[in-house]
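These notes concern the structure reproduced below.
The values are calculated or read from the model by the stated rules, or taken from the named source; none is laboratory data. It should be emphasised that the depicted structure is a prediction, and the values quoted were computed from it without experimental measurement. All Cβ positions, glycine included, derive from the backbone under ideal geometry; neighbour counts span all protein chains shown.
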Amino acid sequence: MTALESRLGHLHVRQRLGLERDYEDHVFRKGTHFFHIENWHSMHGLVRGGLRLAGLHARARRNALAIEVRRNDVLVPLLPKAFDGFTLLHLSDLHLDINAEFLDALIERVRGLDYDLCVVTGDYRARTYGPIEATLAGLQRLRPYLKTIVYAVLGNHDTIRLVPRMEAMDYRLLLNEWVKLQQDGEAIYLAGIDDAHFYRMENFHRAAHDIPGRAISILLSHTPETYRHAAHAGFDLMLCGHTHGGQICLPGGIPVLTDADSPRRLAHGAWRYGDMLGYTSKGAGTSLVDVRLNCPPEVTLHRLRRHR
């Protein structure tokens, strides 16, 4: 982790690793998020048992593999002309080691898509603790099918120990960092923050302070919970995930639970807060159990436009 410490600072890495050790495999813990359903092991059986009793389990598992391609046009009036039509493939909440069939379905869905850049908004591991080798194997297998540069952030299921191995596979992690995207002599900025849900390691000052004030900027955040801070930091677009859109929803796609401290209108799809546009992905994968009801998984193509 020495190279990571020199890049992010010793304190950030030390705190992240310390918090991970504190939180591993805890159902109940002190702090802002007292209860984490992901870590309540008996809930897995309760959810599956309830779906079986309702005769929905097999259907819900099939739904979880029926990944949809969503398209979202993002109107940015001051967007540089060189970026008009620039398209980002947005993946989120892969939880790669939860279902052996999922990765095949994801690869099949993304392999023929046309886009300029791929971004991933966290949660690569199924659990919030434990081994990472199966997750890394899935990321290694997926990478050749993502045909451009891939920028990514960590989620609340992810350990910072993933970062060196992911970057060796050519995933570029943004941990309270930004990059300048250039095209035909013009530029926009892409920033990413560390997890703001479980670990509270986001640092907007570090992620955005050096982005020019009038520049168009996009933020990658695992969770929509940072929407106020992102808007007031001057970002034009925020891309996030975490909620899974509810994953198990009432008819009409109404989420029962979103596990995010943000308005329910931010639980999935396009939204706006002040001058900032946002989009919360329903995620491609599943959490807790590999099922979905009334909430199809997605990968999203965001197309930046100057005019409609």
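Determine if region 216-224 includes at least one residue that is on the phi > 0 side of the Ramachandran plot, surrounded by 20 or more Cβ atoms within 10 Å (Cβ to Cβ) and either assigned to a loop (DSSP other than H, G, I, E, B) or not β-branched (Val, Ile, Thr) (or both). Before you say what the answer is, go through the steps one by one.
Going residue by residue through region 216-224, those that are on the phi > 0 side of the Ramachandran plot are none.
For region 216-224, residues on the phi > 0 side of the Ramachandran plot, surrounded by 20 or more Cβ atoms within 10 Å (Cβ to Cβ) and either assigned to a loop (DSSP other than H, G, I, E, B) or not β-branched (Val, Ile, Thr) (or both): absent.
Which one is farthest from residue 128 (Cα to Cα) among residues in region 263-282 that are of a type outside the set (A, V, I, L, M) and crowded, with 22+ Cβ neighbours inside 10 Å?
To start, the set of residues in region 263-282 that are of a type outside the set (A, V, I, L, M) comprises 263-265, 268-269, 271-275, 278-282.
Applying the additional criterion that residues be crowded, with 22+ Cβ neighbours inside 10 Å yields 268, 278-282.
Details: 268: 22, 278: 26, 279: 24, 280: 21, 281: 20, 282: 19 Å.
Looking at residues that are of a type outside the set (A, V, I, L, M) and crowded, with 22+ Cβ neighbours inside 10 Å, I get 278.
Please go through region 202-215 and give me each residue that is surrounded by 19 or more Cβ atoms within 10 Å (Cβ to Cβ), in contact with a helix residue (DSSP H, G or I) (Cβ under 9 Å, 6 or more places away or on another chain) and either part of a loop (DSSP other than H, G, I, E, B) or without any contact (Cβ under 8 Å) to a residue 24 or more places away in the chain (or both), ordered by number.
If the condition is that a residue be surrounded by 19 or more Cβ atoms within 10 Å (Cβ to Cβ), in contact with a helix residue (DSSP H, G or I) (Cβ under 9 Å, 6 or more places away or on another chain) and either part of a loop (DSSP other than H, G, I, E, B) or without any contact (Cβ under 8 Å) to a residue 24 or more places away in the chain (or both), then 202 is the only one that fits.
Please work out which residue is nearest to residue 123 (Cα to Cα), limiting yourself to region 141-171 and to residues that are in contact with a Gly (Cβ under 9 Å, 6 or more places away or on another chain) and not in a loop (DSSP other than H, G, I, E, B).
Among them, the one singled out is 152.
Looking at region 55-74, is at least one residue under 19 Å from residue 137 (Cα atoms), at pLDDT 95 or above and not acidic (Asp, Glu)? Spell out how you get there, then give the answer.
Here is the first cut: in region 55-74, the residues under 19 Å from residue 137 (Cα atoms) are none.
Looking for residues that are under 19 Å from residue 137 (Cα atoms), at pLDDT 95 or above and not acidic (Asp, Glu), one finds none in region 55-74, hence no.
Please state which of the following conditions residue 195 fails to meet, knowing it meets all the rest: (1) without any contact (Cβ under 8 Å) to a residue 60 or more places away in the chain; (2) under 24 Å from residue 19 (Cβ atoms).
Just one mismatch for residue 195, condition (1).
Output the residue which, of all residues in region 277-291 that are in contact with a strand residue (DSSP E or B) (Cβ under 8 Å, 6 or more places away or on another chain) and of a type outside the set (Lys, Arg), is modelled with the lowest pLDDT. Explain how you work it out, then say what you get.
Step one: of region 277-291, the residues in contact with a strand residue (DSSP E or B) (Cβ under 8 Å, 6 or more places away or on another chain) are 277-284, 291.
Among the residues that remain, those that are also of a type outside the set (Lys, Arg) are: 277-281, 283-284, 291.
Values: 277: 98, 278: 98, 279: 98, 280: 98, 281: 98, 283: 97, 284: 98, 291: 93.
Here the answer is 291.
Against the conditions (1) modelled with pLDDT of 95 or more; (2) surrounded by fewer than 23 Cβ atoms within 10 Å (Cβ to Cβ); (3) not charged (D, E, K, R), where does residue 243 fall short? Just the number, please.
(2)
Determine which member of the set 189, 199 is hydroxyl-bearing (Ser, Thr, Tyr) and within 19 Å of residue 231 (Cα to Cα).
Working: 199 fails: within 19 Å of residue 231 (Cα to Cα).
Just a single option satisfies the conditions, and that option is 189.
Condition test on residue 285, is it in contact (Cβ under 8 Å) with a residue 40 or more places away in the chain, buried (at least 16 other Cβ atoms within 10 Å of the Cβ) and within 18 Å of residue 87 (Cβ to Cβ)? First the steps, then the outcome.
Values: in contact (Cβ under 8 Å) with a residue 40 or more places away in the chain: yes; buried (at least 16 other Cβ atoms within 10 Å of the Cβ): yes; within 18 Å of residue 87 (Cβ to Cβ): no.
Against the criterion (in contact (Cβ under 8 Å) with a residue 40 or more places away in the chain, buried (at least 16 other Cβ atoms within 10 Å of the Cβ) and within 18 Å of residue 87 (Cβ to Cβ)), residue 285 does not qualify.
Output the residues belonging to region 225-235 that are buried (at least 19 other Cβ atoms within 10 Å of the Cβ) and outside any helix (DSSP H, G or I). Full working, then the answer.
Step one: list which residues in region 225-235 are buried (at least 19 other Cβ atoms within 10 Å of the Cβ), which gives 225-227, 230-231, 233, 235.
If the condition is that a residue be buried (at least 19 other Cβ atoms within 10 Å of the Cβ) and outside any helix (DSSP H, G or I), then 233, 235 are the ones that fit.
Please tell me if residue 191 is out of contact with any His (no Cβ under 7 Å at 6 or more places or on another chain), small (Gly, Ala, Ser), farther than 30 Å from residue 294 by Cα and surrounded by 23 or more Cβ atoms within 10 Å (Cβ to Cβ).
Details: out of contact with any His (no Cβ under 7 Å at 6 or more places or on another chain): yes; small (Gly, Ala, Ser): yes; farther than 30 Å from residue 294 by Cα: yes; surrounded by 23 or more Cβ atoms within 10 Å (Cβ to Cβ): yes.
Taking the combined requirement at face value, the residue satisfies it.
If you scan region 116-132, which residues turn out to be surrounded by fewer than 20 Cβ atoms within 10 Å (Cβ to Cβ) and part of a loop (DSSP other than H, G, I, E, B)? Break it down stepwise before answering.
Going through region 116-132, the residues surrounded by fewer than 20 Cβ atoms within 10 Å (Cβ to Cβ) turn out to be 116-117, 127, 129-132.
Correct list: 116, 127, 129, 130, 131, 132.
Residues of region 152-191 being free of Cβ contacts under 8 Å to residues at least 24 places away in the same chain and among the small types (Gly, Ala, Ser), which ones? Steps first, answer last, please.
Pass one, region 152-191, residues free of Cβ contacts under 8 Å to residues at least 24 places away in the same chain: 167-168, 172-173, 180, 182.
Answer for region 152-191, where residues must be free of Cβ contacts under 8 Å to residues at least 24 places away in the same chain and among the small types (Gly, Ala, Ser): just 168.
Any idea which residue in region 251-276 is modelled with the lowest pLDDT, counting only those that are of a type outside the set (Val, Ile, Thr), in a loop (DSSP other than H, G, I, E, B) and over 14 Å from residue 224 (Cα atoms)? I'd like the intermediate steps shown before the answer.
Here is the first cut: in region 251-276, the ones of a type outside the set (Val, Ile, Thr) are 251-253, 255, 257, 259-276.
Within this subset, residues satisfying the condition of being in a loop (DSSP other than H, G, I, E, B) are 251-253, 257, 259-263, 267-268, 274-275.
Next, from what is left, pick out any that are over 14 Å from residue 224 (Cα atoms): 251-253, 257, 274-275.
Working: 251: 91, 252: 90, 253: 90, 257: 85, 274: 96, 275: 95.
Ranking the qualifying residues of region 251-276, first place goes to 257.
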